[in-house]
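Notes to accompany the following structure.
The values are calculated or read from the model by the stated rules, or taken from the named source; none is laboratory data. Bear in mind the structure is a predicted one, so any value in this text is a computation, not a measurement. Cβ: placed from backbone, ideal geometry, glycine included. Neighbour counts: every protein chain shown. Protein only, heavy atoms only, side chains kept; ligands, DNA and RNA dropped before computing areas. Shrake-Rupley method; radii C 1.70, N 1.55, O 1.52, S 1.80 Å.
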Amino acid sequence: MKSTDRTYAVSKTDEQWRAELSPAEYDVLRRAGTERPFVGKYTDTTTEGVYACRACGAELFTSDTKFESHCGWPSFYSPLAGDTVEYIEDNSLGMKRVEVRCATCGSHLGHVFEGEGYDTPTDQRYCINSISLTLRPKADA
Ligand SMILES: [Zn+2]
């Protein structure tokens, strides 16, 4: 994973992350791995609530901006707020992509794509690994 100069509010050593996360979580969150499509826990979830970073618990996305992209991963058209995530240019795999990381702990979440023609307010698709997220369902009123 490309390192940045940024200092994160939640900062842990690699050993700490390895101890706290499951091997599969570690691989995606701390090694920028990608979950296989259509197997993630939240791919088709429509439960209302807030999606938090699985590594540090920062709130990142809400179910209000989740949409059916049929791409095989949970997709959102916008983050919870502009500064909850950070963007890093990713030229791996011979493609120019924009990586999305948690702005609080720097963990890998997924990628954001633009201008694909989805019928959403932003025409952006935040393609996020389920394993990077924890859904906090909205409490019943
Ligand atoms: Zn985080």
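Quick notes
Let's see how each residue does on (1) away from the ligand (no atom under 16 Å from the Cβ); (2) closer than 15 Å to ILE128 by Cβ; (3) touching a residue at least 24 places away in the same chain (Cβ under 8 Å):
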site: TYR8; (1), (2), (3): no, no, yes
site: SER11; (1), (2), (3): no, no, yes
site: SER22; (1), (2), (3): no, no, no
site: PHE61; (1), (2), (3): no, yes, yes
site: SER69; (1), (2), (3): yes, yes, yes
site: ASP90; (1), (2), (3): yes, yes, yes
site: GLY94; (1), (2), (3): yes, no, no
site: VAL100; (1), (2), (3): no, yes, yes
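- Spans of strands (runs of 3 or more DSSP E) in the range 1-110 with at least 3 residues open to solvent by 90 Å² or more (accessible area, probe 1.4 Å) and modelled with pLDDT of 95 or more: none
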